[in-house]
Amino acid sequence: PEETVTSSFASFIHAARPEHLSKTVCHRSKRMILDNIGVGLVGSTTHVFDIALQYCRELYSSVAVSSVYGKPGVKLSPTLAAFTNGVATHSMDFDDTWHPATHPSGAVLPALLAASQMLPPSTKPNGMDFLLAFNVGLEVQGRLMHFSTEAHDIPKRFHPPSVVGTMGSAAATAKLLSLSTAQCAHALGIAASLAGAPMANAATQAKPLHIGNATRLGFEAALLAARGMEANPLILDDIPGCSGFSAFYSVYQPKPLSTPSDHHEFLLEKQDIAFKRFPAHLGMHWVVDAALSVRNLFINYAGSFSPSLIRTIVLKIPVSKYIDRPFPSSEHQARHSFQFNACTALLDGEVGLSSFTESSIHRQELRELLDKVVVEHPEDNVANFDKMYGEVALLLHSGDVLTGKCDTFYGHWRKPLSKESLLKKFRSNASHVLPEEKIETIIAMVENLENLSDSSQL
């Protein structure tokens with residue numbers, strides 16, 4: 001039969017082998033795994049996670065074999081554990097971001113963790129199998145995002161991980177379960193029918209469901225394919241008059257994915273990941289670093305940070321409606337507000353977990369700063385995580401102007417977090433629910449993942 005785009009993806013999933021992963025890919029993906037576990041653990045302390053967990057425990061009864069973040073002794077059915085842990089991962093918007101824009105790890109890792117515990121002892125995947133499946137899930141997401149130029153910009157219509165993440169979860173789980181090439185193709189086709197979430201639910205408690213559903217539904221797609229369910233074998237191809245995956249994009253130009261060989265280069269080799277230093281939308285990291293820069297200038301100028309000396313705060317940011325929120329009233333809105341994060345950085349000299357509590361959000365002194373904010377959208381500041389910048393200017397009553405600008409924040413793929421910074425973030429996040437000895441065990445296990453005999457131990 002003539003090869004199609006869909007069949008080429010299925011062949012890639014089936015044929016990928018551990019030896020196809022370079023040292024760079026293994027290193028970068030292990031950093032992603034460790035970070036994602038950390039944000040999932042701290043995410044298990046949130047209200048939205050409690051809602052999701054209660055929902056799963058009360059409404060479903062099944063064979064409970066898979067663990068839940070931050071809840072010792074609690075187990076759920078594999079797909080519901082993946083869902084609940086996916087919600088935890090994105091409950092604070094603290095998880096990694098790639099380019100084109102999506103959150104790749106959270107859509108894949110919870111499914112693989114749950115699936116590893118689901119499999120019988122005789123077929124437990126080892127650490128290298130786990131690492132390979134994780135990278136297959138990343139690769140499928142990245143390749144799909146490159147099918148449309150629309151995907152390169154900050155999204156407007158749908159939340160990318162709810163679409164490509166579902167496909168990535170299906171691919172990763174299909175790989176871990178050793179599905180046949182035909183079954184891999186059907187898994188992708190089934191997943192496409194389970195994908196999608198509108199951007200209107202950004203900055204609400206529903207947004208973490210996008211990650212929870214992506215990892216769960218992709219997992220379910222692979223399980224259904226394993227049981228014989230079939231789907232359109234051309235789901236990724238561009239068929240005139242019949243939309244497949246192209247339904248999600250106005251411009252769609254798919255390309256085959258070559259079968260991996262000794263010289264295959266995974267996208268993670270060429271495009272590193274962005275790790276967040278604080279729990280908010282990625283765009284916030286530019287304005288926070290710019291605000292911290294101008295805050296230092298202000299302290300050198302005035303001796304201390306004195307808001308009364310400021311007449312106007314000018315933010316120069318890209319046009320992106322769902323993260324342009326002048327007066328956020330909830331933690332989820334605050335995580336998606338250029339204005340809030342810039343003013344919090346100016347007032348406190350930092351942005352962290354405590355910045356998004358109700359008491360912090362509704363401070364009078366913060367409200368007074370927000371009242372002084374004026375937003376500008378320079379034409380050269382495009383809504384693209386690879387090209388945008390953040391600029392914060394303080395117009396003082398004296399007539400002086402102080403300006404801070406950030407083109408690349410610390411943690412961006414062009415300026416990666418150091419090992420020390422990544423470990424510090426993980427230890428801080430995990431310490432909310434785990435004792436120190438278990439935290440160090442996880443670190444050692446991930447760092448030596450390729451030597452782990454049974455990945456379900458993770």
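What the table shows:
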| quantity | calculated |
| --- | --- |
| Yes/no for residue 85 being surrounded by fewer than 24 Cβ atoms within 10 Å (Cβ to Cβ), polar (S, T, N, Q) and in the same structural domain as residue 202 (by the TED database) | no |
| Hey, residue 446 open to solvent by less than 30 Å² (accessible area, probe 1.4 Å) and aliphatic (A, V, I, L, M) or not | yes |
| Matching residues in segment 298-327 - criterion: being among the aliphatic types (A, V, I, L, M), within 16 Å of residue 401 (Cβ to Cβ), in a helix (DSSP H, G or I) and in contact (Cβ under 8 Å) with a residue 24 or more places away in the chain | 309 |
| Qualifying residue in segment 232-253 (condition: part of a strand (DSSP E or B), open to solvent by less than 40 Å² (accessible area, probe 1.4 Å) and of a type outside the set (Ser, Thr, Tyr)) | no |
| Filtered residue count, segment 27-51, keeping only those that are surrounded by fewer than 19 Cβ atoms within 10 Å (Cβ to Cβ) and in a helix (DSSP H, G or I) | 5 |
| Filter pass, residue 360 being over 24 Å from residue 275 (Cβ atoms) and without any contact (Cβ under 8 Å) to a residue 60 or more places away in the chain | no |
| Looking only at segment 350-374, and only at residues there that are open to solvent by 50 Å² or more (accessible area, probe 1.4 Å) and among the small types (Gly, Ala, Ser), the one that is nearest to the chain's Cα centre (by Cα) | 354 |
| Residue, farthest from residue 208 (Cα to Cα), within segment 294-349, restricted to residues that are among the charged types (D, E, K, R) and surrounded by 14 or more Cβ atoms within 10 Å (Cβ to Cβ) | 295 |
| Residue within segment 328-346 that is in a helix (DSSP H, G or I), within 25 Å of residue 305 (Cα to Cα) and over 26 Å from the mean Cα position of the chain (by Cα) present | yes |
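The values are calculated or read from the model by the stated rules, or taken from the named source; none is laboratory data. These figures come from a predicted structure and were not determined experimentally. Please note: Cβ atoms are built from the backbone with ideal geometry, for glycine as well, and neighbour counts cover all protein chains shown. To get the accessible areas, we keep the full protein, side chains included, count just its heavy atoms, and leave off ligands, DNA and RNA. Shrake-Rupley method; radii C 1.70, N 1.55, O 1.52, S 1.80 Å.
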